[in-house]
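The values are calculated or read from the model by the stated rules, or taken from the named source; none is laboratory data. Only a predicted model underlies this, so the values are computations on that prediction, with no experimental measurement involved. Positions of Cβ are generated from backbone atoms using ideal geometry, with glycine treated the same way; all protein chains shown enter the neighbour counts. What goes into the accessible areas is simple: the full protein's heavy atoms, side chains included, and nothing from ligands, DNA or RNA. Shrake-Rupley method; radii C 1.70, N 1.55, O 1.52, S 1.80 Å.
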Amino acid sequence: MRAKFKKFGCYVIIIILLPYVVTVFLNGPSITSYSHVDETCVKVRVADASGDEAAGGDAAAGTVVEMPIEEYCVGMLAKEIPASYEEEALKAQAILVRTDVYKKIHESGSDTVLEGDFWTQKQMEKAWGSKYSKYYHKLEEIWSETEGQVLNYGDTLALTPFFRLSNGWTRDAKEVLESEDYPYLKIVECPEDIEAEKQLQTVTVDDMDVEITATDTAGYVLNVRVGQENVSGEEFRNTYKLASGCFTIQRCNGQIRITTRGIGHGLGLSQYEANQMAKNGKTYEEILQYFFEGTEIKEVAEILLDTE
């Protein structure tokens with residue numbers, strides 16, 4: 001029954017994208033200027049609160065609204081990556097975001113309610129101030145210039161995680177996602193990340209019985225013993241609001257000093273390293289191939305047709 005539902009969802013998406021599919025067949029997948037593929041509407045959950053400021057906040061509970069994929073994903077770009085970054089780095093990020101959205105729709109059906117956090121225009125105005133118009137136009141252009149492009153591995157849409165800053169290396173998915181193997185998510189070196197201003201951060205907490213019991217090859221924490229309980233590195237990180245999943249623990253003057261390296265979970269694309277690569281002349285295609293080796297950029301309509 002679930003398989004039939006997924007197949008029905010795929011048919012609905014293809015019908016919505018039919019004008020774009022025809023364009024691809026007649027003119028080739030590189031002709032995207034009149035396709036309007038990203039005008040498809042999606043269902044998004046926004047937080048219930050007074051005022052528009054809350055939209056795009058905590059999505060644990062809220063109202064479901066419909067909006068164009070472009071509006072939603074530009075909001076995600078605004079929240080997830082600095083708009084001041086180089087255009088090629090932003091293009092790479094746009095493709096990761098688009099791939100993730102279509103992957104969720106493809107796997108769960110056309111009625112999928114997207115839960116990812118995003119910024120509304122009011123939140124962008126508050127965050128960017130006088131640079132709002134410049135940055136918003138920049139992200140719109142980035143989205144338009146990559147219209148319809150998604151990252152594919154074999155005959156499926158790729159898993160496209162990203163984070164702000166590594167500890168100098170990204171992680172191997174086989175060590176992080178024990179139940180599945182993603183051969184394109186391997187350890188890659190990020191030499192520029194090591195020199196970043198926020199590479200090292202320190203948090204001090206009350207003394208406790210705590211010990212790191214397992215780390216992966218890249219140095220990120222897999223397990224922590226807290227008293228008699230064992231928790232994952234990410235759970236411990238979230239509990240104490242640590243910047244990174246790569247951290248060390250030291251006792252100092254009756255307290256616990258936790259030192260982190262990098263920012264984020266460490267799996268997939270490092271945004272800081274991608275931006276430095278863009279500054280050094282790398283294209284978004286080269287950036288994506290570096291972090292997701294063996295994948296290829298395709299048109300979303302082409303992927304949906306190939307998987308039927």
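Numbers at a glance
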{"item": "LYS134-ALA47 pseudo-label distance in nm [points 7 Å out on the Cα-to-Cβ vector]", "result": "2.9 nm"}
{"item": "Mean Cβ neighbour count within 10 Å, used as a protection proxy, ranking 66-77, 86-97 highest first", "result": "86-97, 66-77"}
{"item": "Rg(Cα)/(2.2 N^0.38 Å) for segment 130-182, N = residue count", "result": "1.64"}
{"item": "Ratio of the Cα radius of gyration of segment 110-210 to 2.2 N^0.38 Å, where N counts its residues", "result": "1.49"}
{"item": "5 Å binning of all Cα-Cα separations within segment 210-301, expressed as whole percents from 0 upward", "result": "3, 12, 19, 17, 13, 11, 10, 8, 5, 3, 1, 0"}
{"item": "Whole-Hz ³J(HN,Hα) from phi, Karplus 6.51 cos²θ - 1.76 cosθ + 1.60, for segment 147-163, glycine and proline x", "result": "3, x, 8, 9, 9, 10, 10, x, 10, 10, 5, 6, 7, 10, x, 8, 7"}
{"item": "Extension gain (nm, one decimal) between THR283 and LYS122, 0.36 nm per residue minus Cα-Cα", "result": "54.8 nm"}
{"item": "Accessible area of segment 175-276 divided out per residue, in Å², using a probe of 1.4 angstrom", "result": "53 Å²"}
{"item": "Other-chain or far-sequence residues with amide H under 5 Å of SER110's (modelled H)", "result": "GLY9"}
{"item": "Cross-link pairs beyond the 22 Å C-alpha cut-off, checked among LYS43/LYS174; LYS79/LYS122; LYS104/LYS298; LYS91/LYS282; LYS104/LYS138", "result": "LYS43/LYS174; LYS104/LYS138"}
{"item": "With eigenvalues of the C-alpha gyration tensor scaled by 5 and rooted, segment 165-256, Å", "result": "25, 18, 9"}
{"item": "Of the GluC sites (Glu not before Pro) in segment 169-274, those whose Cβ has at most 12 other Cβ within 10 Å and which sit in DSSP loop", "result": "GLU178, GLU180, GLU195, GLU197"}
{"item": "Aspartates and glutamates with Cα under 12 Å of LYS131, excluding same-chain neighbours fewer than 8 positions away", "result": "none"}
